[in-house]
Amino acid sequence: MRIAIASDHAALDLKAELVGWLSEHGHDVSDLGPHSPDSVDYPDFGYKLAEAVASGDADRGVALCGSGIGISIAVNRNLNVRCALVSEPLSAALAREHNDANCIAMGARLTGADMAKACLDAFLSTDFAGANDASSRHQRRVDKLSNPTSNRQSA
């Protein structure tokens, strides 16, 4: 699988560890930066990651920052990307199964390397439940995520 990964300076060490782990597991990994510990703005790297996934250059994306929150917000600005902030394997699996998430975000200050690897394993090994059923409730909801102004139910 082609996986793009990006972070800010706070998650540089976790990113390096995950790049190695993903490569060891046979994935084609694109490290979108940063490549030094100098302070950077996480939105710049979140947007870069989202573009790589939305364009098809990557099948999945991994976004990392100190908390995971800021970079996940940046990634989700792209309507063709669904980035879930996760901290344990169940939420990573459900992000794929129910939401067809194509990116996950994690916080380097909150999630250790072993837990991050477990989250990635769950995320990468789980299929979307609506993949073979265009009429499924999961597919219907994912379609609305990519087109927020259409087909809304009345509140």
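The values are calculated or read from the model by the stated rules, or taken from the named source; none is laboratory data. These numbers come from a predicted model, not from an experiment. Cβ: placed from backbone, ideal geometry, glycine included. Neighbour counts: every protein chain shown.
Summary of computed values
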| quantity | calculated |
| --- | --- |
| Residues being free of Cβ contacts under 8 Å to residues at least 40 places away in the same chain, closer than 16 Å to Gly66 by Cα and not hydroxyl-bearing (Ser, Thr, Tyr) - total across segment 36-54 | 7 |
| Close pairs from segment 106-129: first closer than 11 Å to Arg96 by Cβ and aromatic (Phe, Trp, Tyr), partner at pLDDT 95 or above and buried (at least 17 other Cβ atoms within 10 Å of the Cβ), Cβ under 6 Å, at least 6 apart | Phe123/Ala92; Phe123/Ile104 |
| Top-ranked residue of segment 36-95 - restricted to ones that are of a type in the set (Ser, Thr, Tyr) and surrounded by 21 or more Cβ atoms within 10 Å (Cβ to Cβ), ranked as farthest from Gly130 (Cα to Cα) | Tyr42 |
| Any hit, segment 23-34, residues being over 21 Å from Ala116 (Cα atoms) and of a type in the set (Asp, Glu) | no |
| Flag if Leu18 is in contact (Cβ under 8 Å) with a residue 12 or more places away in the chain, under 20 Å from Ala116 (Cα atoms) and of a type outside the set (Val, Ile, Thr) | yes |
| Test: Asn99 is farther than 13 Å from Leu124 by Cα, modelled with pLDDT under 95 and touching a helix residue (DSSP H, G or I) at 6+ places or on another chain (Cβ under 6 Å) | no |
| Residues located in segment 63-99, provided they are in contact (Cβ under 8 Å) with a residue 60 or more places away in the chain and of a type in the set (A, V, I, L, M) | Ile71, Leu79 |
| Positions within segment 100-131 being more than 11 Å from Trp21 (Cβ to Cβ), touching a Phe, Trp or Tyr at 6+ places or on another chain (Cβ under 8 Å) and buried (at least 22 other Cβ atoms within 10 Å of the Cβ), in sequence order | Ala101, Ile104 |
